[in-house]
Each structure stands twice: as C-alpha cells, then as structure tokens.
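Here is the structure we will look at.
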Amino acid sequence: MNAGKSTSFHSNIDPKGILIAFGVIACWSISLVYLLSIDIQWNSPITYLLILIQMHLYTGLFITAHDAMHGLVSSNKIVNNVIGVFAALLFSFNFYWKLFPKHHEHHRFVATDKDPDYHHSDRFFPWYFSFIKQYLSIWQFLLMALTFNVLKLFIHVDNLILYWMLPAVLSTFQLFYFGTYLPHKGENDNKHHSTTQSKNHFWAFLSCYFFGYHYEHHDSPGTPWWRLWREKEKMNS
C-alpha cells in the first residue's frame, strides 16, 4: 500500500506534533541510557517501577510511529515518515513500512476477516499471538540478537534484559490489551465496531496514551494521540 495514497498530509497539521514526537523519543533515550548504567537493586520496589516507566515509554515510541502512519507528526511527508521509521526501529527494530499497510487495513476492515489486528475467538492469548505474528519478522530477531551481543560487551547483561528487552515485551501486552483487545472484543454494532474507555483522562494516558478512547480514534483518525482526550470531551458533551 502506498503511503502517499493512504494518508493525506495537510498544511494544518499542528507543528507541536514534531516537538511531542521528539519529546517521547528523547525521554525514552535518556531513560534508557540512565537505566543501562545503574546498579540494579533487586530488593527495591523502585527497580520494578522503573521497568514500568520504561515500558510506558516504549509504548510511546509505537504511538509516535502510529501517529506518523496517519500523517499527524508533520505536514512534511518526508519528515513525518522519517520520524515514524525512527520511532518504529527504536521499538525492537519494528519496520514502519510493514506496520503501515497493516494498520490502514485495520482501519478499513475493522473487526472483519480482512482486519490483521482482529481475532474471532475473543480469547486473550490466541488473539495476542495472532496479533504479534502479524508484525514480527526474522529480521527483528536477528537485529535484536546482534545488538544484544554488541551491547553486552559494554553494558551489564542484567541491565540489558531488565531495562531494554523486558519493557519492550511488556509494552506489546500494554498496546494489545488497551489498544486492540479491550476495544474490539465482543460484538460491537456501532459503525466503528469498537468500545471505548470511560472518561478518565489521567488513566487513559497512563494505560495507553489515550488509545483506550478507541471509538474516538476510529471516528477521528486525523486527531493525534495527545488530543484524543478532546474527542472524548466532545463525545460526552
């Protein structure tokens, strides 16, 4: 699927989109550099809180790539796609041009046999593994293995596993559960075949960058993640 034909790039895209995208990438990068350098305190609850924070930042990388797929990071198509490619690669070497067509198929064929994100069973783990298989490739495993073996020459293996690898895996569950499974499971007869979280902007951000407001996203795919709460306000007004 050609990106230029699937997503329109308008001059009225909010320029703050680039700043927010860079902010997410910078927070993930700074956090990771710090976490890879610290001594792990296995008995401290702070250690496990840091894992969750890094998981949330990984989710932010994917959400940034997702906004780029909708042309919402920058009105300049090249800049938009470069940021999308970069954010996707940082998330365990995901390939933007593989994600792009599948995500737009999800929007076009939501909750049907042609939707790559959908699974008729409604069971969590079969659906999760079906979802993951759509996006994984052997190249990701090879690149991750190569990067791990290079990094372990300079960084403690425990830090790499705990703060680089584990949060990425946990983030896939976060993205799937709040962004796919909860919104699309069961029978939804509305035009977007989707449910939505109850209005709670703080929890909506913590859970999945407002993508629990999933009906609102399908209803307004031209709204960036950081403004989805406004769509929720409109729906509730």
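Please treat every number below as a calculation from the coordinates, not as lab data. Every value quoted in this text rests on a predicted model; they were computed, and no experiment measured them. We place every Cβ from the backbone using ideal geometry, glycine too, and count neighbours over all the protein chains shown.
Summary table below
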quantity	calculated
Max mean-square fluctuation residue, GNM over the chain, Cα-Cα springs under 10 Å, options Asp189, Asp158, Asp115	Asp189
Fully extended contour minus Cα-Cα distance, from Arg123 to Thr147, at 0.36 nm per residue	5.2 nm
Gaussian network model of the chain, Cα within-10 Å springs - most flexible of Phe124, Phe86, Phe211	Phe124
Computed [θ] at 222 nm, deg cm²/dmol, the chain (DSSP H ≥ 4; -39,500 (n - 2.57); rounded to nearest 500)	-17500 deg cm²/dmol
Fraction of alpha-carbon pairs over 17 Å apart in the range 69-196 - percent	65
Square roots of 5 times each gyration tensor eigenvalue, C-alpha, the range 130-237, largest first, Å	35, 16, 11
Pairwise centroid distance, computed over Cα atoms, of the range 63-106 with the range 165-195, Å	19
Cross-link table Lys114/Lys191; Lys98/Lys133; Lys114/Lys232; Lys16/Lys234; Lys191/Lys232; Lys199/Lys234, entries beyond 20 Å C-alpha to C-alpha	Lys114/Lys232; Lys16/Lys234
For the range 44-136, alpha-carbon Rg and Dmax in angstrom	15.2, 46
FRET efficiency estimate (nearest 0.05) - Cβ-Cβ, Ser130 to Phe95, R0 25 angstrom	0.85
Calculated FRET value between Met165 and Thr47, using beta carbons and R₀ = 25 Å, to 0.05	0.95
Largest-first ellipsoid semi-axes for the chain, taking √(5λ) over the Cα gyration tensor eigenvalues, angstrom	29, 20, 19
Peptides 129-137, 218-226 ordered by average Cβ neighbours within 10 Å, highest first	218-226, 129-137
